[in-house]
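Notes for the one structure printed next.
Read-outs: derived from the displayed coordinates by stated rules, not from any lab. Here the structure is a predicted model, which means the values were calculated and not measured. Please note: Cβ atoms are built from the backbone with ideal geometry, for glycine as well, and neighbour counts cover all protein chains shown.
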Amino acid sequence: MKINRLILSLSLPYMLFATTIDFDEALNKTIANNKSLKAKKLSVENAKLDLKKADGYNYGNLTFEENIARTNNALNTFGMKLMSREATFRDFGFSDFLGGVGQVLNNSADFNAFKAQMTNPAMAEQLLNTAPDDLNNPEARTNYETKVVYEAPLFTGFKLQNAKTMAKLQIKAKEAKYNYDEKQLGLEVLKAYNGAVAAKYFIKATQKAKKATTSFVTFASEMFKEGFVTNIDVQQAQVYDMKINSMLLEANSKYKLAIAYLKFLTNDSDITDVNDFKSLNVEVTDLNTLQNQAIQNRDDLNWMKQNTETMKTKVKFEKSANYPMIGAHLEYGYNDDQLNNIDSKHDYYTAAVGLQYKIFSGFATSSNIQKAKLDYAKTKHYLDYMTDGIKLQVEKAYLTLKTKQSVLKQKLKAQSLADEVLEKSEQMYKNNLMKMSDLLMQQASAQQARAEAILAHYEATIAAAKLKLALGQNLKGEK
């Protein structure tokens, strides 16, 4: 009693957290938790940001700048004073000029003498050649420049419009690729899930075989005691029973591995069991109809179509370099020798419209256009190649499914017949009409028939899934 309680206490946590899962739940968990899908989802978000970025270029750039500079460079210092509207005649060097004029006045007795000296070429040359000290050797100045600049494209040769079109196409392409990868992940989950179910059925079939071989050993031992058979029959039954033990261990190991892989895919460590086989219904019509359906619905083909359209638009994008570029520049700011320079006395504005037309680019533009045309042609060839490949894939999946369904029917019939033969063989052995080696041979045949039927069932479900995916259909939510 204590032992039973101990076993129950040890197994209780396992029972509380044990989870039996079906395929749809496993697929939903995998899609929600798969890190690869999450990364691909971010690729879609990146494409959306590319569109937002391309659209943002239409609004231009608004920039705030604060520049602080200190210099005694004559040109810069004079320019700073002009920008802040503080320049005086002294800054032009008029003090030196007026000093020269004053000297002439002092040396002149009257106005006529002054006039004569000023019109004297030598005196005029002397005055004009005087180097203005205030202009050439200004004091160092600190300038604070505060400004807001807005620049916007007015016409880009349709480059921005084409960039936006390409960004939109790439969003559709990334979404199509994501949908394709999500559907393909469904096949991987189905393989893991139905693989676990198949392993579970293998265990049951092996347990059934174990029960039979154990009864063979018991019955052969009784027959040996009665003298109806030799000890060889008992030994043969025991050897085969041991073989079944090994097979049972292998079947349990395969089941644990299948469950471990399912845990990995779903990121759910609590999974301990699975329900029955996940069967898929495929509406099979004629092959031509199925191929046309695939061409319409395949996400990977849609992905390639969007890439082809992107490359086509890229040709137009490169041709934009043949058009002139027109842009606007608006600037408003303040300049002063103090940080607090926000004063209408020191403000300024600049408004400009610029045009740039590239006449010759060293064949760079024509080369880019030709390269874009080649990329478009290459992508279009890939699209045609993929289209033909999808038709072949559908045909292969269609024929494989028909074959696997026929094989499953035959394997189920073979299993039923093998079980019937085994049951009759047991009766014949009990009536001493068959040797133990022959009975064990029938047992092996029956067990192999069960295993082949289980495998055929698994392969038929995978074949149906591959056809659905080849048609562009989803395994998610399939009843």
Label of the coordinate-derived value, P(r) over Cα pairs in 10 Å bins from 0, in percent, listed as (1) 4, 16, 21, 18, 14, 11, 7, 5, 3, 1, 0; (2) 4, 11, 13, 13, 12, 10, 8, 7, 6, 5, 4, 3, 2, 1, 1, 0, 0; (3) 4, 15, 21, 23, 21, 11, 3, 0, 0: (2)
When each of Lys147/Lys358; Lys48/Lys468; Lys200/Lys466; Lys164/Lys391; Lys411/Lys468; Lys168/Lys191 is checked by Cα-Cα distance, pairs over 26 Å: Lys147/Lys358; Lys48/Lys468; Lys164/Lys391; Lys168/Lys191
Segment Asn297-Ala87, length gained on full extension (0.36 nm per residue, minus Cα span): 68.1 nm
Residue among Ala418, Met434, Ala258 farthest towards the positive dipole end of the chain, charges placed on Cβ: Met434
Label-point gap, in nm, between Val149 and Thr214 - each point 7 angstrom along Cα→Cβ: 8.9
Whole-Hz ³J(HN,Hα) from phi, Karplus 6.51 cos²θ - 1.76 cosθ + 1.60, for the range 19-25, glycine and proline x: 9, 9, 10, 9, 5, 4, 5
Over the chain: helical MRE at 222 nm, DSSP H runs n ≥ 4 each giving -39500 (n - 2.57), nearest 500: -24000 deg cm²/dmol
Longest segment of the chain lacking GluC sites (Glu not before Pro) that sit in a DSSP loop with at most 14 other Cβ atoms within 10 Å: 284-479
Paramagnetic label zone (point 7 Å from Cα along Cα-to-C-beta, Leu187; backbone N under 12 Å) in the range 294-312: 300
Nearest-20 debye value, the chain charge dipole, Cβ charges on Lys, Arg, Asp, Glu: 2600
